[in-house]
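In what follows, a single structure is set out as structure tokens and then discussed.
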Amino acid sequence: MRILLVHPSPLMYSEIYLRLEPLGLERVGAALRAAGHDLRLLDLQIFTARDLFAEFDDFKPRAVAFSLNYLANLPEVVDLAKTLKAKDRSVFIFVGGHSASFVADELLMHADGAIDCVVRGEGEAIAAQLIEALGERDLKTLPGVVTPDGAGPPPRLMDRIDRFIPARDLARRRSKYFIGSFDPCASIEFTRGCPWDCTFCSAWTFYGRSYRQAAPEAAADDLESIREPNAFIVDDVAFIHPEHAFALGREIERRGIRKQYYLETRADVLCRNREVFAYWYRLGLRLMFIGLEAMDDEGLKRHRKRSKVSINEDALEIARKIGLTVAVNLIVDPAWDEARFAAVREWAASVEEVVHLTVATPYPGTETWFTEVPKLATFDYRLFDIQHAVLPTRLPLKRFYEELVATQQVLNRKHLGVRGLWQAGSKAASLLARGQTNFIRMLWKFSRVYNPERQYQDHFRPLEYAIRPPAADVRPPVGQLYVHQGRASADLSG
């Protein structure tokens with residue numbers, strides 16, 4: 001069967017800092033290809049809606065699969081599904097991905113018949129079975145499948161996350177994928193899941209606090225197939241288990257694979273496994289992202305980070321000694337005033353690290369969705385991108401954005417713009433010599449993308465699809481938060 005896989009457009013921060021290959025769709029594509037299907041993939045981070053419609057007319061797929069990892073893309077996916085369905089009423093359209101798993105019923109309601117079903121949970125586990133069942137059985141009997149007529153059994157966790165190596169050849173114009181100076185950059189997955197339970201995060205609720213590891217040999221096979229010189233390790237928390245990290249490294253060394261790596265981890269994991277990160281620095285690890293989230297212990301406790309400011313400080317010092325470039329994140333509380341923003345600016349200017357800010361956002365699937373959603377100031381999916389304020393702000397909304405952007409300008413002055421280009425001169429020249437322009441373009445785009453007036457006016461766009469809030473304002477039993485009810489790993493969160 002001919003199947004078209006579609007990734008939606010980039011979010012606001014993706015316009016500057018990164019553009020990641022659609023790894024989830026590539027894995028689903030590998031599962032469908034193994035079942036004998038004919039596939040194409042179109043990534044709207046790179047292509048346009050007009051390209052999608054032309055591809056649809058040319059390929060004439062029997063089925064279209066949309067990936068919905070980010071809630072802000074929901075209106076776009078619904079509108080595209082309606083347009084494609086109008087072109088061909090017989091085409092089967094389904095949606096999967098992280099956010100889709102938490103809002104399946106809403107997706108179907110908004111689509112008004114244009115989306116035939118939503119796949120909750122890991123798409124590789126059910127995609128081929130879903131396609132095989134078309135026209136032959138009741139789809140809502142399949143694990144994780146939700147149709148307008150009802151939902152099937154809970155989705156199943158795959159026994160092996162390395163069962164399907166991503167079909168990377170499906171992604172066209174791969175030179176467009178990058179993270180900062182890692183240009184171009186592929187993505188790779190070594191582990192899946194997170195055993196911690198931060199209140200603002202839905203990684204742990206998606207996987208039911210399970211944690212699985214790819215076999216070192218299979219992970220190295222995947223890495224060896226990557227042509228790009230840089231790789232983003234997409235694990236929710238990298239190198240939790242040192243023995244697995246060392247086994248991966250030894251397999252990479254044995255094969256002589258040479259790349260530069262970017263990863264995300266926790267401060268306490270870095271402190272506990274510093275020898276692992278030093279070892280991976282020798283293998284090519286250069287960039288690291290750590291979610292500090294708050295500058296005080298009270299804030300960390302509120303987010304249930306199960307960490308302390310002293311641990312965050314130790315982690316940054318360890319990373320500096322190793323030689324790693326670190327980007328950190330702070331969660332902006334809508335209750336911040338001018339004094340708080342000024343304090344954050346002062347701190348951000350004083351540290352070596354790259355400082356990112358994300359605005360506190362209660363997402364479906366998080367604990368804060370139930371505790372904070374009664375306060376919502378907007379029901380526009382498009383604003384749920386961690387760059388807009390969806391909760392009431394202490395400052396007038398426009399003033400809040402002025403302070404937010406002024407604080408983000410600290411990053412701009414330190415690492416982007418003219419100064420950034422001067423510091424990255426040799427890197428930029430090398431990339432230009434190879435025809436890579438993503439990083440160069442990034443250096444000049446900040447003021448055009450992060451603009452208080454633009455962010456403020458986004459709140460006044462016509463609203464067609466409104467978020468449906470939960471019925472209760474209290475956290476339900478933990479098990480009801482989970483997408484996957486599968487086996488849980490040992491609790492590593494302390």
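Since every read-out is calculated from the coordinates, none of them should be taken as a lab result. This structure is a prediction, so every number in the text was calculated from the model and none was measured. Heads up, the Cβs are rebuilt from the backbone with ideal geometry, glycines too, and the neighbour counts pull from every protein chain shown.
A few comments on the model shown:
- Taking the stretch 171-481 and dividing mean pair separation by its residue count, relative contact order in percent (alpha carbons under 8 Å, at least six apart): 17 percent
- Hits among lysines - C-alpha to C-alpha of residue 445 under 28 Å, sequence gap 8 or more where chains match: 176, 259, 398, 414, 427
- Estimated inter-spin distance, residue 335 and residue 309, nm [label 7 Å along Cα→Cβ]: 1.7 nm
- With both labels modelled 7 Å from their Cα along Cα-to-Cβ, the residue 463 to residue 35 distance reads 3.8 nm.
- Here the chain is treated with +1 on each Lys and Arg Cβ and -1 on each Asp and Glu Cβ, and its dipole about the Cα centre works out to around 1000 debye.
- Rounded to the nearest whole angstrom, the semi-axes of the ellipsoid equivalent to the chain, taken from the Cα gyration tensor as √(5λ), stand at 33, 28, 24, largest first.
- Two-site FRET efficiency, residue 350 against residue 253, from Cβ-Cβ distance with R₀ of 41 Å, rounded to 0.05: 0.60
- Charge context of residue 257, other residues only, Cβ under 14 angstrom, K/R +1, D/E -1: 0
- Cβ-isolated cysteines (cut-off 4.7 Å), the chain: 117, 185, 194, 271
- For the stretch 2-151, a/c is less than 1.5, where a ≥ b ≥ c are the root eigenvalues of the C-alpha gyration tensor. That puts it in the rounded class.
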